[in-house]
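Undergrad: Below is a structure I'd like to ask you about.
We did not get these values from a lab; they are worked out from the coordinates using the rules stated. Since the model is a prediction, treat every value here as computed from it, not as a measurement. Heads up, the Cβs are rebuilt from the backbone with ideal geometry, glycines too, and the neighbour counts pull from every protein chain shown.
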Amino acid sequence: MKRRTFSKLAIATALLALAVILLGAYVRLSDAGLGCPDWPGCYGRLVAPSRPEAVAQANAAYPDRPVEAHKAWKEMVHRYLASALGLAILVLALAAWRGRRAGLPLVLPLVLVGLVVFQGLLGMWTVTLRVNPTIVTAHLAGGMATLGLLWWLALRTGPATPGPSAGVAGLRPWAWAGLVLLCGQILLGGWTSTHYAAAACIEFPTCYGGRWWPATDFAEGFALWRPLGPDYEFGHLDSAARTAIHLTHRLGALVVLLALGALAILTVRRGDGGIERGSGLALGAALLLQVGLGIANVVGHLPLPVAVAHTGGAALVLLALLTLVHRLRPVPIARAVGAAANPLDSRPQQLRECRS
C-alpha cells in the first residue's frame with residue numbers, strides 16, 4: 001500500500017473513531033449506557049429484543065432491568081460501530097505490517113490494536129460494573145486517545161510539509177505543554193459527565209443563587225473509587241461533591257482557554273505562510289466553539305444536542321492541537337540531508353521549473 005493511500009485510510013478510520021465517540025456520548029447522556037444489561041450481547045441476543053415474546057423472555061431473565069427498546073438499540077448500535085472501528089484498526093495494522101519495508105510506520109498501528117482491545121474491555125466493564133464513573137471516564141479517555149493516535153498516524157504518513165519557520169519553532173514546547181493541559185481537561189470533562197455534575201451549576205459566570213463558590217466537597221467528589229450500589233445511573237453524590245467537580249472543570253477550562261488561546265494567537269502572529277497561520281486559526285476557532293458550547297450547556301440546563309456537541313468540540317480541539325504540534329516538528333534528518341545534497345530543491349518553484 002502506498003504511503004498516501006495509507007494516510008487516507010488512517011483519516012477515514014479517525015473519522016470513524018470520532019463517530020464512535022459522539023455516539024458513545026449520546027448513549028451516555030441519554031441514560032442508555034445500561035440499555036443492554038449484559039455484554040457483548042443484549043439480553044443474551046445479538047440484536048436488541050423487539051418482538052413481544054423476546055421482550056418477555058428478556059424481562060424474565062433480567063427482572064431488575066426491564067427492556068427499554070429505544071435505549072437497548074442505542075447501546076447496540078454503539079457496540080456495532082465500535083466493532084467496525086476495531087476491525088478498521090486491525091486492517092491498518094495489517095497494511096502497516098505488509099508495507100513496513102516500504103517505510104510505513106508499524107509501532108503506532110500495533111499500539112492502536114492494543115488500545116482498541118483494552119477499549120473493548122473497558123466497554124465490557126462499563127456494563128458489568130454498572131457504569132462505574134472511573135471506568136466510564138477511562139473509556140472516554142481511551143476513545144479520545146484512539147482518535148488522537150489515528151490522527152497523528154494520518155499526519156505522519158501524509159504529504160511532507162516544510163519545517164516550522166523561525167518565528168514559531170520556539171512554540172514547540174508550549175504546544176506540547178498545551179496538549180498535556182488539554183488531556184487533563186478532557187479527563188475532567190469525563191469525570192464531570194459520569195458523575196452527573198454538569199448541571200451542578202445552573203448559572204454563568206456564577207454557579208447558582210448568584211454565588212461564585214457555593215459549598216463544595218472535593219474529597220468526596222474526587223474519590224477515584226468507591227463501593228457502589230447496583231448501578232450508578234443518575235449518580236450517588238450529593239450537591240456539594242458535584243459542585244466541587246463542576247467548579248474544578250470550569251477552572252480547568254479557563255486555564256486551557258488562556259494557554260491554548262495564547263498559543264493560537266502567537267502562531268497566527270508569528271507564522272510564516274498559510275499552513276502555520278491556518279493551524280493557529282483552526283485551533284483558536286475550535287477553542288472558541290468549545291467554550292461557547294460549555295456555556296450553552298450551563299445556561300440551557302444541559303440540552304442533549306449541545307451536550308453531545310460539547311464532547312465533539314473537545315475532540316476537535318484535540319485534533320487541531322495535534323495538527324499544530326505536527327506542523328511545529330523539525331524537518332526529519334533524512335529530508336534535511338536530501339535538501340542539502342540537492343540545494344536547487346530548496347529554491348523557489350520557478351527555478352525548479354527552469355531546471356527541468
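Undergrad: Be a star and scan segment 241-261 for residues whose amide nitrogen sits under 16 Å from the point 7 Å along the Cα-to-Cβ vector of Arg211.
TA: Under 16 Å, as judged by backbone N against the label point of Arg211, lie 241-248 of segment 241-261.
Undergrad: Short version: ³J(HN,Hα) in whole Hz for each residue of segment 133-146, in order, from phi by Karplus 6.51 cos²θ - 1.76 cosθ + 1.60 (θ = phi - 60°), x for Gly and Pro, what are they?
TA: x, 5, 5, 5, 5, 5, 5, 5, 4, x, x, 5, 5, 4
Undergrad: Multiply the residue separation of Ile295 and Arg100 by 0.36 nm, subtract the distance between their alpha-carbon atoms, and state the gained length in nm to one decimal.
TA: Stretched fully, the Ile295-Arg100 segment lengthens by 65.5 nm.
Undergrad: Another question, if that's okay. For Thr194, Thr206, what's the fewest-to-most ordering of other Cβ within 10 Å of each Cβ?
TA: Thr206, Thr194
Undergrad: Another one. Find how much the distance from Leu110 to His236 grows on full extension, using 0.36 nm per residue of separation minus their present alpha carbon separation; answer in nm with one decimal.
TA: Taking 0.36 nm per residue and subtracting the Cα distance, the gain is 41.5 nm.
Undergrad: Where the only charges are on Cβ atoms (+1 Lys, Arg; -1 Asp, Glu), what is the dipole of segment 51-164 about its Cα centre, to the nearest 20 debye?
TA: Taking the Cα centre of segment 51-164 as origin, the dipole is about 380 debye.
Undergrad: A further question follows. Where the centroid of each part is defined by its Cα atoms, how far is segment 187-201 from segment 129-171 in Å?
TA: 22
Undergrad: A further question follows. Starting with the fewest neighbours, write out Ser239, Ser279, Ser7 ranked by other beta-carbon atoms found within 10 Å of each beta-carbon.
TA: Final ranking by Cβ density, sparse to dense: Ser239, Ser7, Ser279.
Undergrad: Something else about it: Taking the Cα-to-Cβ direction at Ala262 and at Arg277 and moving 7 Å from each Cα, how far apart do the two end points lie in nm?
TA: Here the modelled spin labels are 2.4 nm apart.
Undergrad: Inverting the mean 1/r over all pairs of different Cα atoms, compute the Kirkwood radius of segment 101-155 and quote it in Å.
TA: 12.1
Undergrad: Next up: Can you compute the FRET efficiency between Leu251 and Phe118 using 1/(1 + (r/R0)^6), with r the Cβ-Cβ distance and R0 = 30 Å? Round to the nearest 0.05.
TA: With a Förster radius of 30 Å, E is 0.50.
Undergrad: Apply the Karplus curve 6.51 cos²θ - 1.76 cosθ + 1.60, θ = phi - 60°, to the phi angles in segment 188-201 and return the couplings in whole Hz, x for Gly and Pro.
TA: Calculated HN-Hα couplings, in order: 4, x, x, 5, 5, 5, 6, 9, 6, 9, 5, 9, 5, 10 Hz.
Undergrad: Only Cα pairs within less than 10 Å get springs; with that Gaussian network setup on the chain, which residue of Asp64, Asp238, Asp217 has the largest fluctuation?
TA: Of the options given, Asp64 has the highest mean-square fluctuation.
Undergrad: If a paramagnetic tag sat 7 Å from the Cα of Ala61 along the Cα-Cβ line, which residues of segment 19-46 would have the backbone N under 19 Å from that point?
TA: Those under the cut-off are 33-46.
Undergrad: Next up: Apply the a/c threshold of 1.5 to the C-alpha gyration tensor of segment 1-159 and tell me whether it is rounded, prolate or oblate.
TA: prolate
Undergrad: Remind me, relative contact order of the chain in percent, using alpha carbon pairs under 8 angstrom and six or more residues apart?
TA: Value for the chain: 20 percent.
Undergrad: Another question, if that's okay. Taking only Cα atoms, what is the 0 to 90° angle, nearest 10, from helix 304-327's long axis to the longest principal axis of the chain?
TA: 20
Undergrad: Could you give each residue of segment 239-251 its phi-based ³J(HN,Hα) in whole Hz, using Karplus coefficients 6.51, -1.76, 1.60 with θ = phi - 60°, and x for Gly or Pro?
TA: Ordered by residue, 3J(HN,Hα) equals 4, 5, 5, 5, 5, 4, 5, 4, 5, 4, 5, 5, 4 Hz.
Undergrad: Anyone know which of Ala145, Ala200, Ala223 comes out most mobile in the 10 Å Cα GNM of the chain?
TA: Fluctuation is largest for Ala223.
Undergrad: Quick one: helix 107-128 against the long Cα principal axis of the chain, what's the angle to the nearest 10°, folded into 0 to 90?
TA: On a 0 to 90 degree scale, this one is about 10.
Undergrad: Select from Gly142, Gly313, Gly114 the residue whose mean-square fluctuation is largest in a Gaussian network model of the chain (Cα-Cα springs shorter than 10 Å).
TA: Gly114
Undergrad: Related question: Which of these values of Kirkwood radius over Cα pairs in Å was calculated from the structure shown: (1) 21.2; (2) 20.5; (3) 22.5?
TA: Derived directly from the coordinates: (3).
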